[in-house]
1. Residues in region 97-136, backbone N under 19 Å from the label point at residue 188 (7 Å along the Cα-to-beta-carbon vector): list them, ranges by number please.
2. Rounded to the nearest 500, what is the 222 nm mean residue ellipticity of the chain from helices alone, with -39500 (n - 2.57) per DSSP H run of 4+ residues and division by all residues?
3. Enter the angle in degrees (range 0 to 90, nearest 10) between the Cα long axis of helix 50-66 and the first principal axis of the Cα atoms of the chain, meaning the one along which they spread out most.
4. Specify whether the C-alpha gyration tensor of region 78-191 places it in the rounded, prolate or oblate class, a ≥ b ≥ c being the square roots of the eigenvalues: rounded for a/c under 1.5, otherwise prolate if a/b is larger than b/c and oblate if not.
5. Name all residues of region 182-201 having a backbone nitrogen under 14 Å from the label point set 7 Å from the Cα of residue 134 along its Cα→Cβ direction, giving them as ranges.
6. Could you check the spin-label model distance between residue 212 and residue 10? Points 7 Å from the Cα along Cα→Cβ, value in nm.
7. Just 96, 54, 66 to compare: in a GNM of the chain, with alpha carbon springs under 10 Å, which one fluctuates most?
8. Looking only at 95, 187, 116, which one moves most when the chain is put into a Gaussian network model with springs between Cα atoms under 10 Å?
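Derivation of every value follows stated rules applied to the coordinates shown; laboratory data play no part. Keep in mind that what you see is a predicted model, and the values were worked out from it rather than measured. So basically every Cβ, Gly included, is an ideal-geometry build from the backbone, and we count neighbours across all protein chains shown.
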Amino acid sequence: MVIQITNWKNTLMSDANFGKSISYSSGWYNSLSDVEVLTRLLYGENTVNVSDQNAVAWVVINRKSNGSFGGSTYRGVATSSGAFEPITGGSSGTTNARVPDKSSARWSNAVWNACTLLSTSSASDYASLVSKPAGISSQLYFVGLTYFLLPGNGADTSPAGSGLRYSFNGGSSYVAIKDVVIVFDSTSSLQNPSSIATITSNSNLDTNSERSTHNIFYNLK
């Protein structure tokens, strides 16, 4: 399995057309192969933090297994309307996916993960081949941490200190969330913070630049 995936990845990495720059249009990804759509999705969701990118891969795996997030295929999950901004977002939101840095370690990692996801449907294979950061398990949702911290998006539950909630509609209503994880690297993460202050005071997240390189992963209560 490892040799098969490695060979596939190397073939793709040496193909000048794989990952080439694409101008924005509605459905800009339609002619791409499944492996390229997945690669661009994973890369576009985090071009800095490889471990965070791996956590995104696990959300994609979980959504495919669930079957309610665009169907039971990876392409369906990846291209479901509004699900992943790097694929179905507007011009600015899709820039990283459309114009990737093919020389970066993050692109190489995204190619590996995409090849793995499409080479097997075995959960044990995924576990051995796609690094699962600490705290990542069954999460079905994530959003950029900077976005989560904007007023009207993420908030403390009541009473304060008892967890977090999230609004999918700009603050009109909130849902409590659980299994909350912010990934730092392959072995460390902030898990189940009790409040917004717990996040913003963390030494890994106490500046805007640090927060901008992380997603926050969660499930709904």
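1. Flagged as within label range: 132-136.
2. -11000 deg cm²/dmol
3. 90 degrees
4. oblate
5. Residues 182-193 qualify, since their backbone N sits under 14 Å from the label point.
6. Simple spin-label model gives 3.8 nm for this pair.
7. 66
8. Sorting by GNM fluctuation, first place goes to 187.
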